[in-house]
């Protein structure tokens, strides 16, 4: 796993009710690299935050530590 | 338009008031309440410290984490290597984002909303002096011209420091206007 994925997984685990259900995968598609954040369905709201505020904070930190150009997508585990 | 500024100032006043009232509470309630809230702030710092230390480990960044309680809030400062600049980011944007996440991580553990302040590579400390000077310089401009001056868009932290520096000067006052992230301080001559 990449450093970015590890760091993101740690940041998300700290802010949810079900840390053991958090998984982050770095996937590469034709459109570029994406960090897919999987969380427990009950934690989706927490990770996205009011008005997307928490997801934006996660993206900002990822961009800061070298993940510029890497998408961060939050997906619930049902999908 | 100024509600957010007033709110921030209100919170500061609350904290100051809490400090002033602490001795009375010691007499009335045997210090129970003030030591309880002090304990909570120390705990906030500990949780934040663990969260950030693990992040530094994963990123392999050098950094010393210092925990403190100042003016009724937990303060976490990280100092160390050049890598830390990445955690500050352009105009402190990454620092603000990381502070937001750290507050959420603290709240997750304590169940209480946190007002914790995070500083990295002394960015807030140095930026504070710069911003206070921007506030004073623009207050002088308004005093000389009698015309309002609009400043550059700033983060809530930056606006707060500018408002505080302008509030200390007679003959001018300031308000915030616009929506984030374009919200900015406007300096007015006193009516």
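The values are calculated or read from the model by the stated rules, or taken from the named source; none is laboratory data. Keep in mind it's a predicted model, so treat the numbers as computed, not measured. Don't worry about glycine lacking a Cβ; one is built from the backbone with ideal geometry, like all the others, and counts go over all protein chains shown.
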Subset of the stretch B:94-134, residues over 15 Å from residue B:76 (Cα atoms), in contact (Cβ under 8 Å) with a residue 40 or more places away in the chain and more than 11 Å from chain A (Cβ to nearest Cβ), comes to B:110, B:112
The correct count of residues that are in a strand (DSSP E or B) and over 15 Å from residue B:161 (Cα atoms) in the stretch B:171-191 is 4
I'd like to know if the stretch B:81-101 contains one or more residues that are surrounded by 16 or more Cβ atoms within 10 Å (Cβ to Cβ), at pLDDT below 95 and either closer than 16 Å to residue B:113 by Cα or in contact with a strand residue (DSSP E or B) (Cβ under 6 Å, 6 or more places away or on another chain) (or both). no
